[in-house]
Amino acid sequence: LGSLLTSAQGFDELLAMAEKGDSSTVDLLVKDIYGGSYEAMGLPGDLVASSFGKAARSRISGPAREQVHDADIAKSLLHLISNGIGQIAYLHANLYNCERIIFGGFFIRGKKATMHTISYAINYWSKGKVEALFLRHEGYLGAVGAYMKGAESQDFAGKNYGENFAFSDSFEVNDVMSKALEFLELDRLDLPLVKFPLIGDSDYQADLIDLAVDTEARHYWLDIFKDGLERFCKVIRDGESNRNHIDRRIAFFKKKFIECLALLRKNPFAYGVLTVRTLLDCREQFLAEFDFYDPYLKFKQEENAAALTQLPTRLEYLHKMSWEERQGELIRGILGGNIFDWGSSAVVKINETKQIDFKDACDIVQGRLGSLTIWNIG
């Protein structure tokens, strides 16, 4: 249809043409019929009542035809196809009570105009109840599926895979067209990912904050990672056993990670869902790119050795407590022992002025939690 109706030589050219078009020159809108919005039916004036509805000879002829450009026709055609896809997809989703629809295929391929029109259609037909989602690397969908199918008979069957953000293309939105996403790299995880067995709720969500949506939280965490980068690079330098070109490797890592943070600040949807875990994964993958695998390994080994010397005294202290007191102390001990996993910049600043030992950490936990109520449900 695009080739018949316009001068476009290919599909990409047709979409690029549609980006610049104004479909209202050929589409019949609600306001063309009613003079404005149709309030009784809740129809806005700029809603399409009939695609290519103005193409009737009585409406477009003579000089008026010269005002209709190929770009307008391409835009109307894009809306016609996308609205049809959106309505059919919504009706199927409604049959099976689906709240999310994932779209993929050559028609989309990360094109801004296509995704916008399909999203608009889904939102309109579902009245905002159904969400349209798009695959960033849909071109690899068949290849990944074939690989996973073949992997079932291999030793790594049942393993989990995660995207390597350091090498994969990010999705970027600009004023003209979205760039092609050519590169996708997957990492095979050494251990399978399973649900924590004590969590019975199947709807449990580990990442509570969607940084792509929560602007304040996004800027807070991006600032945390950026402001702590110099300190983190010092940790790398002090703890890394591979000293070959270490300053150069750190400089490259720092440059790439800063660029990544800047990209996510400008476009939080660059890697799909954005959470604190996404930021941590990005950092780990950029570290691995420059042969840094565990900057904290040296410190972990030192802390483990120190902890083992205190273990007998700690066990004796717990043994003297009642059952209720012991449960509260165990909880404080677990939180105190993992105080650096809290992601608190305040904890980092405290540790810069003095070395926090296990007792100090437990005291900080006590101040945060206050009294604990232990319920014996056994």
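The values are calculated or read from the model by the stated rules, or taken from the named source; none is laboratory data. Values in this document were obtained by computation on a predicted structure and should not be read as measured data. Here Cβ is always computed from backbone atoms with ideal geometry, including for glycine, and neighbour counts include all displayed protein chains. Calculation scope for accessible area: heavy atoms of the full protein, side chains included, ligands and nucleic acids excluded. Shrake-Rupley method; radii C 1.70, N 1.55, O 1.52, S 1.80 Å.
Tabulated results
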{"item": "Pairs, first within 10 Å of Phe165 (Cβ to Cβ) in region 278-292, second open to solvent by 30 Å² or more (accessible area, probe 1.4 Å), C-beta under 6 Å, six or more apart", "result": "Phe286/Lys256"}
{"item": "Where Glu19 falls short, out of the listed (1) within 31 Å of the chain's Cα centre (by Cα); (2) open to solvent by less than 40 Å² (accessible area, probe 1.4 Å)", "result": "(2)"}
{"item": "In region 209-240, residue surrounded by the fewest Cβ atoms within 10 Å (Cβ to Cβ) [restricted to those that are within 18 Å of the chain's Cα centre (by Cα), touching a residue at least 12 places away in the same chain (Cβ under 8 Å) and assigned to a helix (DSSP H, G or I)]", "result": "His219"}
{"item": "Leading residue by the ranking (farthest from Ala55 (Cα to Cα)) among those in region 109-129 that are of a type in the set (A, V, I, L, M) and open to solvent by 10 Å² or more (accessible area, probe 1.4 Å)", "result": "Met115"}
{"item": "Pairs, first within 14 Å of Thr117 (Cα to Cα) in region 13-28, second modelled with pLDDT under 90 and acidic (Asp, Glu), C-beta under 9 Å, six or more apart", "result": "Glu19/Asp175"}
{"item": "Tally, over region 241-260, of residues that are of a type in the set (Lys, Arg) and surrounded by 12 or more Cβ atoms within 10 Å (Cβ to Cβ)", "result": "3"}
{"item": "Residue match in region 261-271 (condition: of a type outside the set (Ser, Thr, Tyr) and touching a strand residue (DSSP E or B) at 6+ places or on another chain (Cβ under 9 Å))", "result": "no"}
{"item": "Any hit, region 261-268, residues being under 13 Å from the mean Cα position of the chain (by Cα), without any contact (Cβ under 8 Å) to a residue 60 or more places away in the chain, part of a helix (DSSP H, G or I) and buried (at least 18 other Cβ atoms within 10 Å of the Cβ)", "result": "yes"}
{"item": "Candidates Arg283, Arg243, Arg277, Arg249 - the one that is in contact with an Asp or Glu (Cβ under 6 Å, 6 or more places away or on another chain) and not acidic (Asp, Glu)", "result": "Arg277"}
{"item": "Scan of region 293-331 for residues that are closer than 21 Å to Asp363 by Cα and part of a loop (DSSP other than H, G, I, E, B), ordered by number", "result": "Lys320, Met321, Ser322"}
{"item": "Selection count, region 269-292, where residues are over 19 Å from Arg218 (Cβ atoms) and not in a helix (DSSP H, G or I)", "result": "3"}
{"item": "Enumeration of residues in region 22-31 that are more than 35 Å from the chain's Cα centre (by Cα) and open to solvent by less than 60 Å² (accessible area, probe 1.4 Å)", "result": "Thr25, Val26, Asp27, Leu28, Leu29, Val30"}
{"item": "Ile73 vs. criteria closer than 22 Å to Val26 by Cα, within 22 Å of the chain's Cα centre (by Cα), outside any strand (DSSP E or B) and modelled with pLDDT of 90 or more", "result": "no"}
